[in-house]
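What follows draws every value from the coordinates through simple rules; no lab data is involved. Computed from a predicted structure; not experimentally measured. Glycine gets a Cβ as well: all are built from the backbone with ideal geometry, and neighbour counts include every protein chain shown.
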Amino acid sequence: MIAWVAAACLAAAQTPSAEYFPLRPGLKWEYDVVADPGLLAVRQTLVCGEPVTIRGAEAIPMQSILDGKVAQTSYYAKQNGFYTIVALEETTPLGRPIPVLPIEPKRGASWEYDGGVPVLTELTPFRFKARVEGFEELDVLGQKRSCVKVRFDATTGREVAVMQTVSTEWYAPGIGLVKKVQEVKGKNGTKVTMELVSFEGGK
C-alpha cells in the first residue's frame, strides 16, 4: 500500500489508525484473477455480510464469489492482535483460528500457523510461516498508496498429496487486500495473480 509523500506516508502507514483489513457489512471488493500457464482469467468478488456470533464472539462473514457464483464463505474476527479466520462454516468453527494479518503490522513481524482446514469431507493439514516484508508503494485504483507487503510459505495436505505454495500479498490502509501473487511449487506449478479493480466502502 502506497504513500502520498514518502516520509509522511510511511509514518502514516504504520499508525494504529491505518486499518489494513477492514471488516464492515457492505464492503465489496472486485478482483481480476489470472492463472498461468494457460492464462485462465476470472472475476472474483468479496462481500462482507452482517455480523454473526461464533463461539460467543462477533464474526463477519465474507463471501467469495467467482464469476457470479458463491464459492465459499469465510468468517473473520479480530483476535489476539490479528485479523483471523475463525470458521469456514458458520456452524463449524475452526479448531485453531487462522491468523491472516496483524492489526498493527510492523516490518519484520512474523507468525506461524499449524492446524487444519476442511476440504470436502476431511480435515486437511494446513501450515504456514508468514512475515511482514515491509511497505511498498503501489498504484491502487489510480492512487498511490503505501501498502504492507506480507509473504506466506504454506503447506497443505499430507504425505504424497502435499502442496507447497508461496504467496505475496499487499494490503492498503482503508481498503484491504489489493494484490496477491501465489505460486505453487513443483515442475507443474502454477502462478495466480489477483489484482483489485474496484472497491465499495459499505455502510
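If contacts are Cα pairs under 8 angstrom and at least 6 residues apart, what is the relative contact order of the stretch 6-196 in percent?
Answer for the stretch 6-196 is 18 percent.
If a/c stays under 1.5 just call it rounded; otherwise compare a/b with b/c (prolate if a/b is bigger, oblate if not). Do that for the stretch 6-196, with a ≥ b ≥ c from the square roots of the Cα gyration tensor eigenvalues.
Taking the square roots of the gyration eigenvalues as a ≥ b ≥ c, the stretch 6-196 is rounded.
GNM on the chain, C-alpha springs below 10 Å: top fluctuator among Leu23, Leu39, Leu94?
Leu39
Determine the calculated [θ] at 222 nm for the chain from helices alone, applying -39500 (n - 2.57) to every DSSP H run no shorter than 4 residues and normalising by the residue count; nearest 500 deg cm²/dmol.
-1000 deg cm²/dmol
If amide H atoms are built 1.01 Å from N in the plane of the peptide, which residues on other chains or at least 5 residues away come under 5 Å of the amide H of Ile103?
Phe82, Tyr83
Please check: in the Gaussian network model of the chain (C-alpha springs, under 10 Å), which one of Thr165, Thr190, Thr73 has the largest mean-square fluctuation.
Per the Cα network of the chain with a 10 Å cutoff, Thr190 tops the list.
For the stretch 94-165, run through the trypsin sites (Lys or Arg not before Pro) and keep only the ones in DSSP coil with at most 14 other Cβ atoms within 10 Å of their Cβ. The partial results should precede the final answer.
Numbers: sites: Lys106, Arg107, Arg127, Lys129, Arg131, Lys144, Arg145, Lys149, Arg151, Arg158; in loops: Lys106, Arg107.
Passing both the DSSP loop test and the Cβ count: Lys106, Arg107.
Could you give the nm distance between label points at Glu133 and Glu159, where each point is 7 Å from its Cα heading toward the beta carbon?
Inter-label distance under the simple model: 3.5 nm.
Residues of the stretch 109-147 with amide nitrogen under 16 Å from the 7 Å Cα-to-Cβ point of Thr168?
Within reach of a label on Thr168, which here means backbone N under 16 Å from a point 7 Å along Cα→Cβ, the stretch 109-147 contributes 130-139, 147.
Starting from the Cα of Glu112, step 7 Å along the direction of its Cβ; do the same at Val184; then give the gap between the two resulting points in nm.
That separation, rounded to one decimal, is 2.6 nm.
Using DSSP to define loop residues, name the GluC sites (Glu not before Pro) in the stretch 120-167 whose beta-carbon has at most 10 other beta-carbon atoms within 10 Å.
Passing both the DSSP loop test and the Cβ count: Glu159.
How much length, in nm to one decimal, is gained on full extension between Thr124 and Gln79, taken as 0.36 nm per residue of separation minus their Cα-Cα distance?
13.9 nm
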